[in-house]
Amino acid sequence: MRFDSRYFNVWLERVDPGAHRRVKGLRLVTAYGIAMGLGTLQGVSAGLPANVSAGTLAGGFALWASVSEAQTTRYASTRDLAMLCVAAALGAVLFALLAPLGGTAFLMSHALGGGEWILVTGAFFAGLLKRYGTIGAGVGSQIYIGQLLAYGAHLGPGDLGAIAISCLIAILAAAVPRLLSGPAELAAVPAVTAGESVFRTPLLLRSAELAMGVQAALAAAIVVVLHSVWGLVESAWAITACVYVVTATAAGTLERVRWRIVGTLVGVPLGLACLPAAEHAPLLVWVAASLAMIVYAMALPERYDVACGAFAFALVVTLAATGEHSIAVLVARAWETMLGGALGIAMAVFVFPVRAQRPAAADASGDNRGPPGPG
């Protein structure tokens, strides 16, 4: 059977008219690649602690800043990208400064020396800052992502210099592709903030965004407790699911959890099927992960399930390509996502539940710019 590219081109044009999201997807991958390349230069990494990869930190800062940025002009985009990279660096700094507290006897005795509890603060900011629209949602998300990257790298107070260098690299890496893409992109439709579209019950909290912050933080705190009692494989993955499934209303949260679980249950098995290639052909796997991130950019925000599936696939195959071949760890991506989603639903339904004032705007909670979870 001969492949006819015309059908594929028609499908692409229907999904992504004008190729705007494809261009953004390419920009995400390019920003990540530039940051990783600059961060691994000998002149940059020579003076950094051996346990810190400036490339990994800068790549994470730049990638997710590029996801959250949604401006129409080069100047405004560059400004927001710089702001978002700085927000991620501040999140990493906050984690690094609080990390020594994990050495206290109490936290060590409860298996919390790794700093999972610090992610609760990032979860709160990720919800609260949505009241400031798309850029606020991006800044809150970046604070959490910075903490998440610092958690994965085990950063401490001695790594503040590495965080600063990574931030500068990330700003450059994110800005250059945006300057080159120019008018080939269209900004996302501005999200309606939760305060404009919903009102909350009960009257204990003053805004729906504050309710979302509390819901995400409480869900994350429960994950921390569960990790202390039972020892989750990757508790940060469950916390990330809690952060990114909470929306302004219980109905919106239920819908988002369903999309996230469906996407993850498709993306993870596809990633596991690529494990042999990850071991023997890592370059091919990185190419597949890059294509998955382009699909991710094309799918957001309308097809959150596809975006979650694409990211889950990219995460699993890149973990495998970097040496993580434990099936238990890789499969944990799926079941811990379901755990975080279940906790998110419980918080949305039972903890400061919010009702939609206008049904048509029920899910316009201002968080559709957030990534489906980089952890």
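The values are calculated or read from the model by the stated rules, or taken from the named source; none is laboratory data. It should be emphasised that the depicted structure is a prediction, and the values quoted were computed from it without experimental measurement. Using ideal geometry, Cβ is built from the backbone for each residue, glycine included, and neighbour counts are taken over all protein chains shown.
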Which of the numbered conditions does Leu232 fail, given that it passes all the others? Conditions: (1) surrounded by fewer than 24 Cβ atoms within 10 Å (Cβ to Cβ); (2) in a helix (DSSP H, G or I); (3) at pLDDT below 95. (2)
Return a yes/no flag: does the stretch 127-140 have any residue that is modelled with pLDDT of 95 or more, within 21 Å of Ser235 (Cβ to Cβ), touching a helix residue (DSSP H, G or I) at 6+ places or on another chain (Cβ under 9 Å) and not hydroxyl-bearing (Ser, Thr, Tyr). yes
Assess whether Ala248 counts as being within 19 Å of Phe350 (Cα to Cα) and assigned to a helix (DSSP H, G or I). no
Scope the stretch 30-63; condition in a helix (DSSP H, G or I) and either basic (Lys, Arg) or surrounded by fewer than 24 Cβ atoms within 10 Å (Cβ to Cβ) (or both); matching residues: Thr30, Gly33, Ile34, Met36, Gly37, Leu38, Gln42, Gly43, Val44, Ser45, Gly55, Thr56
Quick check: is even one residue across the stretch 64-71 at pLDDT below 90 and either assigned by TED's automatic domain parsing to the domain that holds Val86 or surrounded by 15 or more Cβ atoms within 10 Å (Cβ to Cβ) (or both)? yes
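Which is under 30 Å from Ser53 (Cβ atoms), modelled with pLDDT of 55 or more and not β-branched (Val, Ile, Thr), of Gly182, Gly161? Working first, answer last.
Details: Gly182 fails: under 30 Å from Ser53 (Cβ atoms).
The unique qualifying residue is Gly161.
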